[in-house]
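Colleague: Below: one structure in structure tokens.
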Amino acid sequence: MKTTRPRSSESYTIHPLLLMVAVTLLVVFNAASATASSGMLYISSSTTLTEDHYGNIVIEGNNITLDCAGRTVSGPGVEGFSGGIQVQYSASITVKRCKVTAFGVNGIYAVDSNNSRYENNRVVGNGANGIHLDGGVANLITGNTVRANSGVLGGNGIAITRSSQTVIEQNTVQDQKGESGILLREGCHHNMVVGNTSTRNNVGVRVDGSWENDFISNIVTSNAYQGFDFIRGANSNSVWLNASNGNMFGFEVNESSNQNSFGRNVANENQFEGFKIFNSNGNTLTGNIANENGTFGFLVFGGSSFTVVSRNTAHENRQADGYDEGTGTNNVWMANRFGTTIGF
């Protein structure tokens, strides 16, 4: 067969529609490859993300900043790691401006890391805790939005365990259906929880087996159960200037949680009690307000003893403004402004 080849002077015309499709595919391919990376990313020096990242990020070392610059770090991640962004055995780490989502475990997790900052992150829709610091001293968790974590594994919005001198401040924690919005557990001591908003969780703030922590000026509203819950030997904590409204219980102290101090807090319109002391001793409530709760403004029962309830105000609580069940001993009620009382 004879084949006719074009002369060098001949040319071909590409149809404009085909050219447009080719250019479009090239642009889409380049855009996709330029806006997301994937796989395990290890960071050992300060890094600013320039694209979204699909997969875990691990930070180990000292004096390292991870600035996501608003980029997304997404899961589900790989087995064997406890956080979408994981910090381990490090000091002076900063993790900021990251959106962390869709991991099967914690969104941000740090173990035995000190003097570090976790700030202005959005941690949404992860399978355990939103942010969890396990161990460590002198860390700061500030300005974060933590929402709708705690999937099938349960979990909390912000959790610290075995930690001291940590400051949790100015965070917004919402829609945690696992355990609580903010949790201190396993011997946390000398930490500060200041100026946070915890709403629409199961429990707003829970303190479990932890002592000598300060809770100041937090807003805890519309939680399914307790606003503030002190359990299992949560002792000698200081709770001042907080608002716990519209929950099932405002402030609840039980399971031998002793010598806590509550001052100038507000507990209004909770389904049951504003302030409830059960099976715990030596707690002090001074200058608090409890109005329009579904049962009692202030309730002391279950053998609680050496409770001091002084200079508080309570009105229009459905059953009584103040109730001492009488099973404890040496409880003192003085200089309160109550409309109705029972058991005094």
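Every number here is computed from the coordinates shown, using simple stated rules; none is lab data. None of the values given here were measured: they were computed from a predicted structure. Glycine also receives a Cβ, built like all others from the backbone with ideal geometry; neighbour counts cover every protein chain displayed.
Colleague: Go through the cysteines of the chain and tell me which have no other cysteine Cβ under 4.7 Å away.
Modeller: Isolated Cys, the chain: Cys188.
Colleague: What is the sum of charges around Asn149, taking Lys and Arg as +1, Asp and Glu as -1, for the other residues whose C-beta is under 14 Å from the C-beta of Asn149? Numbers along the way, then the final one.
Modeller: On the way: positive: Lys99, Arg122, Arg147, Lys177, Arg200; negative: Asp175, Glu179.
So the surrounding residues net to +3.
Colleague: May I pose another question? Using a 10 Å cut-off around each Cβ, can you sort Lys99, Lys177 from fewest to most neighbouring Cβ atoms? If you can, show how the numbers build up before the last one.
Modeller: On the way: Lys99 17, Lys177 14.
With the fewest neighbours first, Lys99, Lys177 line up as Lys177, Lys99.
Colleague: On C-alpha positions alone, give me the angle between the axis of helix 16-35 and the longest principal axis of the chain, in degrees, nearest 10.
Modeller: Here the helix axis deviates by roughly 40 degrees.
Colleague: Sticking with this structure for a sec: Mind ranking 326-334, 155-163, 69-77 by how tightly packed they are, going by the mean number of other C-beta atoms within 10 angstrom, highest first?
Modeller: Details: 326-334: 14.0, 155-163: 26.4, 69-77: 18.8.
The most tightly packed comes first, giving 155-163, 69-77, 326-334.
Colleague: For region 286-341, give the magnitude of the charge dipole about the Cα centre (Cβ charges: +1 Lys/Arg, -1 Asp/Glu; no others), in debye to the nearest 20. Can you show the working numbers first?
Modeller: On the way: 3 positive and 5 negative charges, 27 e Å.
Dipole magnitude for region 286-341 comes out near 140 debye.
Colleague: Another question, if that's okay. Whole-Hz ³J(HN,Hα) for each residue in region 143-149, computed from phi via Karplus 6.51 cos²θ - 1.76 cosθ + 1.60 with θ = phi - 60°, x for glycine and proline: what do you get?
Modeller: Running phi through 6.51 cos²θ - 1.76 cosθ + 1.60 with θ = phi - 60° gives x, 8, 10, 10, 8, 6, 8 Hz.
Colleague: If you place +1 on the Cβ of every Lys and Arg and -1 on the Cβ of every Asp and Glu, how big does the dipole about the Cα centre of region 45-342 come out, in debye to the nearest 20?
Modeller: That gives a dipole near 400 debye.
Colleague: Taking θ = phi - 60°, what integer Hz values does the Karplus form 6.51 cos²θ - 1.76 cosθ + 1.60 yield along region 304-319, in sequence order, with x for Gly and Pro?
Modeller: Those phi angles translate into 5, 10, 6, 8, 10, 10, 9, 6, 9, 10, 8, 9, 6, 7, 5, 9 Hz.
Colleague: Can you list the HN-Hα couplings for region 72-79, worked out from phi with the Karplus curve (6.51, -1.76, 1.60; θ = phi - 60°), rounded to whole Hz and with x for Gly and Pro?
Modeller: 9, 10, 10, x, x, x, 10, 5
Colleague: Let me ask something else. Report, in whole Å, the centroid distance computed from the Cα atoms of region 52-114 and region 304-344.
Modeller: What the calculation gives is 48 Å, centre to centre.
Colleague: Another question, then. Considering the Cα positions of the chain, please state its Rg to one decimal place and its Dmax as a whole number of Å.
Modeller: Cα only, the chain: 27.2, 116 Å (Rg, Dmax).
Colleague: Give me D for region 136-261 in µm² s⁻¹, whole number, from Stokes-Einstein with Rh from the Kirkwood sum over alpha-carbon pairs, 20 °C and 1.002 mPa s.
Modeller: Numbers: Rh = 13.8 Å.
This corresponds to a translational diffusion coefficient of 156 µm²/s.
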